[in-house]
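I have placed the structure first, in the form of structure tokens, so that the comments after it can refer back to it.
The values are calculated or read from the model by the stated rules, or taken from the named source; none is laboratory data. Since the structure is predicted, the reported quantities are computational estimates derived from the model, not experimental observations. When we count neighbours, we look across all protein chains shown, and the Cβ atoms used for this are built from the backbone with ideal geometry, even at glycine.
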Amino acid sequence: MKSVTVKRLKGRVVIFGWLCVVFLMWQEASFILADVVKDKMASRTLPYLHQIIANLVVRGSLIFPHAGQTLSRALAGFLLGAAAGFALALVMSVAGIVERMLFPYLLASQMIPILGLAPILAGIIGNIAQTRLFIAAFITFFPVAVNTLAGFKSVEPEKLALMYSLAANKYTVYRKLMAPAALPFLFSGLKIAAPMAITAAILVDTLGGASGLGYLITYSLYGGFPIMVFWSTVLLSAVLGILSYQVIAAVEKIAMPYKYGGE
């Protein structure tokens with residue numbers, strides 16, 4: 001237990017160290033651009049990071065409500081996509097013919113660039129809110145389905161043979177053997193998908209509507225808001241993506257304490 005705690009503490013120290021390095025490098029680059037090169041566009045091209053953070057605090061009443069709306073849309077799409085991905089992985093695991101039929105199409109679907117798919121769907125659906133939900137679910141669906149299916153396939157044949165030799169039915173096999181084996185793989189897929197769902201929601205926000213972080217980014221670039229709103233929104237978007245990963249990681253530790261030394 002103590003060694004695990006020390007290891008986690010060291011990990012946090014390393015992360016803090018890297019954050020400090022990024023902060024200092026950003027500040028140095030901004031200083032060179034503004035005070036050495038004397039670039040008149042430095043305040044737009046690469047403003048000081050502390051100015052961006054200060055602007056985020058000052059304009060929080062503008063930015064944070066939009067962030068909440070983007071998060072709610074991303075969460076709804078993430079949950080829908082995760083449920084659909086897990087369900088399809090389960091079906092493909094139970095019925096191999098379904099996997100052979102559908103898996104090539106799943107791979108092909110990921111060849112479609114989201115930048116191209118989003119406006120097409122927005123035009124077909126005609127509802128930007130539903131488009132946001134669909135794109136976030138679409139982004140989440142694939143990594144969850146593929147990773148969960150890999151988890152089901154990771155079970156050793158000997159363990160399956162033992163379960164069936166004890167007259168266990170499929171429900172019991174999946175509940176007591178297959179699902180626990182797939183759980184780490186499922187969380188791997190969720191940790192990949194969570195930041196991507198937020199990115200997808202922001203992307204669709206840029207296509208239209210009057211709310212969301214993508215809306216702020218678009219209108220800041222075109223002069224509707226000060227340029228610092230753009231930088232603050234981009235910074236907040238990055239932080240939200242990191243936090244979404246950390247939330248899934250925290251849920252994983254609760255669901256599988258044995259993987260983390262019983263913590």
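(1) free of Cβ contacts under 8 Å to residues at least 60 places away in the same chain; (2) more than 20 Å from G189 (Cα to Cα): which one isn't true of I112, the others all being true?
I112 satisfies all of (1) free of Cβ contacts under 8 Å to residues at least 60 places away in the same chain; (2) more than 20 Å from G189 (Cα to Cα) except (2).
Each row is one residue, and each column tells you yes or no for (1) farther than 23 Å from I217 by Cβ; (2) surrounded by 11 or more Cβ atoms within 10 Å (Cβ to Cβ); (3) at pLDDT 85 or above; (4) assigned by TED's automatic domain parsing to the domain that holds P226.
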| position | (1), (2), (3), (4) |
| --- | --- |
| K2 | yes, no, no, no |
| T5 | yes, yes, no, no |
| R8 | yes, yes, no, no |
| F16 | yes, no, no, no |
| V21 | yes, no, yes, no |
| W26 | no, yes, yes, no |
| D35 | yes, no, no, no |
| I52 | no, yes, yes, yes |
| L56 | no, yes, yes, yes |
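Is there a residue being in contact (Cβ under 8 Å) with a residue 24 or more places away in the chain and under 19 Å from the mean Cα position of the chain (by Cα) anywhere in region 219-228?
No, region 219-228 contains no residue that is in contact (Cβ under 8 Å) with a residue 24 or more places away in the chain and under 19 Å from the mean Cα position of the chain (by Cα).
Taking helices (runs of 4 or more DSSP H) that fall entirely within region 110-198, which contain at least 2 residues that are surrounded by 17 or more Cβ atoms within 10 Å (Cβ to Cβ) and either at negative phi or touching a strand residue (DSSP E or B) at 6+ places or on another chain (Cβ under 6 Å) (or both)?
114-125, 128-153
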